[in-house]
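Read the figures in this text as sums done on the coordinates, not as results from a lab. Just so it is clear, the model here is predicted, and its values are computed rather than measured. No Cβ is skipped: glycine too gets one built from the backbone with ideal geometry, and neighbour counts run over all protein chains shown.
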Amino acid sequence: MSSQEEILSDGRFSRITRDPRFWEMPEKERKVKIDKRFRAMFHDKKFKLKYTVDKRGRPVNYTSTENLRKFYALSESDSDLSESDSKEHTEKKKKKKKDKLKGQTDS
């Protein structure tokens with residue numbers, strides 16, 4: 001850790017700390033935002049590949065969906081819409097159950 005501090009304190013490399021090209025990208029901006037049309041790619045079998053070896057021939061055990069989650073994120077507006085859609089869907093189910101219960105008690 002001290003060697004890194006020495007490098008940053010060196011006059012030749014002092015601009016690295018001020019130059020935005022060398023700043024680490026924030027987590028929110030790192031992932032590509034996709035909308036709800038492409039939401040299926042996270043769980044669809046067509047997009048899922050199982051890897052047994054990496055590019056150097058070493059054995060690994062992971063799937064391509066892990067990479068998709070690493071590089072892509074649902075956009076904020078669409079995730080809000082999907083949450084509201086799911087709430088509406090659960091409310092409709094509750095109403096249907098209540099209607100069925102009322103119909104059974106009336107009979």
When only DSSP loop residues count, what GluC sites (Glu not before Pro) in the range 2-32 have their Cβ near at most 13 other Cβ atoms within 10 Å? Glu24
Quick calc: nm separation of the 7 Å Cα→Cβ label points for Lys70 and Asp54 -> 0.9 nm
